[in-house]
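The values are calculated or read from the model by the stated rules, or taken from the named source; none is laboratory data. Bear in mind that the values here come from a model prediction, so they are computed numbers and not experimental data. Every residue, glycine among them, receives a Cβ derived from its backbone with ideal geometry; neighbour counts consider all protein chains shown.
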Amino acid sequence: MSKSRNATPVGAAAAPSASLAPEIRPGQSVELLKELHILTREGRLNQDSRRKLKQVYHLFQFIEKLLQELPQQQGITLADHGAGKSYLGFIIYDLYFKALEQGRIYGIETRPELVQKSRELAARLGFGRMSFLNLSVAESAQSAELPERIDVVTALHACDTATDDAIAFGLQKQARFMVLVPCCQAEVAACLRENKALALARTPLAELWRHPLHTRELGSQITNVLRCLYLEASGYQVTVTELVGWEHSLKNELIIARHIGQKKRSAAERLRGILVEFGLESLIGVRFKLS
């Protein structure tokens, strides 16, 4: 008995048909998008799923250009921190790694139930070069389950200091590229509330954090400025842009760091100056290891 012409193995890349959402790309695994609940079983998108897919696609476009700069024959390695359900990792694998003979994606997540689900899904789809590790970002830097070097480090909405841990991980692993979308930057805001930036307390600048909401927003802004300076001081060229339109996400800042090997002394000096000016010296040596 012959097989049905429409039969498609689980995980196989099914070409979009007229009944599928037009956003689905040629060769993309429809089964994956259904498993991630981005597509309904009928191949349709609701508004929330469309927004999520747009974010991931847009971020993938940035990452794809970086991946193309790396030597493909050596096997590219990518670590995705705070992976959650691994939307980003799965889609990067499906749209880029799947066609390669080498390379591996590591999804790092602290919630064991999400790690297990990701492992099961990768097995069902035949995505054999994906690994999911039940570790914190900080723990992953010491884990023997990851290689000594990682080419690309991503962290999409890794909360609070997890983004700093991802940067520390990238520095330790000599990452060629880091792609970061920070979220919930609370540490600096807490330091501002505690110390009230004593050096500026008697100046009009103190008004910038007099109200709690402004303290939080200022803390978020300062945090990302400090991170960019730290990356530049560590030998990276930094680009800051929007991930998607503000109507899709309020946590919208995208930091792309490219290793160039030239440490900017001026960036280290400005980083230290900002920390001192705002009474944040306690972060020196903890978050920002300055020589």
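Taking the conditions exactly as written (closer than 19 Å to L121 by Cβ and assigned to a loop (DSSP other than H, G, I, E, B)), does G84 satisfy them or not? Give the steps one after another, and end with the answer.
Numbers: closer than 19 Å to L121 by Cβ: yes; assigned to a loop (DSSP other than H, G, I, E, B): yes.
In short, yes.
Among the candidates Q68, Q116, which residue alone is among the polar types (S, T, N, Q) and either at pLDDT below 95 or over 20 Å from P26 (Cβ atoms) (or both)?
On the way: Q68 fails: either at pLDDT below 95 or over 20 Å from P26 (Cβ atoms) (or both).
Of the residues listed, the single one that is among the polar types (S, T, N, Q) and either at pLDDT below 95 or over 20 Å from P26 (Cβ atoms) (or both) is Q116.
Here is a yes/no grid of residues against (1) touching a strand residue (DSSP E or B) at 6+ places or on another chain (Cβ under 6 Å); (2) assigned to a helix (DSSP H, G or I); (3) touching a residue at least 24 places away in the same chain (Cβ under 8 Å); (4) crowded, with 17+ Cβ neighbours inside 10 Å:
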site	(1), (2), (3), (4)
P22	no, no, no, no
L32	no, yes, yes, yes
H58	no, yes, yes, no
I63	yes, yes, yes, yes
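Assess whether G107 counts as being part of a loop (DSSP other than H, G, I, E, B), in contact (Cβ under 8 Å) with a residue 12 or more places away in the chain and either among the polar types (S, T, N, Q) or crowded, with 16+ Cβ neighbours inside 10 Å (or both). I'd like the intermediate steps shown before the answer.
Numbers: part of a loop (DSSP other than H, G, I, E, B): no; in contact (Cβ under 8 Å) with a residue 12 or more places away in the chain: yes; either among the polar types (S, T, N, Q) or crowded, with 16+ Cβ neighbours inside 10 Å (or both): yes.
No.
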Qualifying positions in segment 268-291 - under 22 Å from A206 (Cβ atoms), among the hydrophobic types (A, V, I, L, M, F, W, C) and part of a loop (DSSP other than H, G, I, E, B): F278, L280
Filter segment 172-187 for residues that are under 15 Å from the mean Cα position of the chain (by Cα) and closer than 30 Å to H214 by Cα and give the result. M178, V179, L180, V181, P182, C183, C184, Q185
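Filtering segment 145-174 down to residues that are in a loop (DSSP other than H, G, I, E, B) and at pLDDT below 95, which residue is farthest from F288 (Cα to Cα)?
To start, the set of residues in segment 145-174 that are in a loop (DSSP other than H, G, I, E, B) comprises 145-151, 160-161, 173-174.
Now narrow it down to the ones that are at pLDDT below 95: 160-161.
Values: D160: 15, T161: 12 Å.
Looking at the filtered set, the residue picked out is D160.
Which one of L213, L192 is touching a residue at least 60 places away in the same chain (Cβ under 8 Å), farther than 30 Å from T77 by Cα and not assigned by TED's automatic domain parsing to the domain that holds S136?
Working: L213 fails: touching a residue at least 60 places away in the same chain (Cβ under 8 Å).
Of L213, L192, the one residue that is touching a residue at least 60 places away in the same chain (Cβ under 8 Å), farther than 30 Å from T77 by Cα and not assigned by TED's automatic domain parsing to the domain that holds S136 is L192.
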Has segment 121-144 got any residue that is aromatic (F, W, Y), in contact with a Gly (Cβ under 9 Å, 6 or more places away or on another chain) and either more than 30 Å from Q74 (Cβ to Cβ) or modelled with pLDDT of 95 or more (or both)? yes
Please work out which one of (1) over 22 Å from T163 (Cα atoms); (2) crowded, with 19+ Cβ neighbours inside 10 Å is the condition P71 fails and give its number. (2)
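When you look at L133, is it in contact with a Phe, Trp or Tyr (Cβ under 9 Å, 6 or more places away or on another chain) and either more than 30 Å from F288 (Cβ to Cβ) or not hydroxyl-bearing (S, T, Y) (or both), yes or no? Before the answer, list the steps.
On the way: in contact with a Phe, Trp or Tyr (Cβ under 9 Å, 6 or more places away or on another chain): yes; either more than 30 Å from F288 (Cβ to Cβ) or not hydroxyl-bearing (S, T, Y) (or both): yes.
Yes.
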I'd like the residue in segment 74-99 that is aliphatic (A, V, I, L, M) and closer than 14 Å to R129 by Cα and, out of all such residues, is surrounded by the fewest Cβ atoms within 10 Å (Cβ to Cβ). A99
Mind listing whichever residues of segment 110-146 are within 20 Å of the chain's Cα centre (by Cα) and in contact (Cβ under 8 Å) with a residue 40 or more places away in the chain? M130, F132, V137, S140, L146
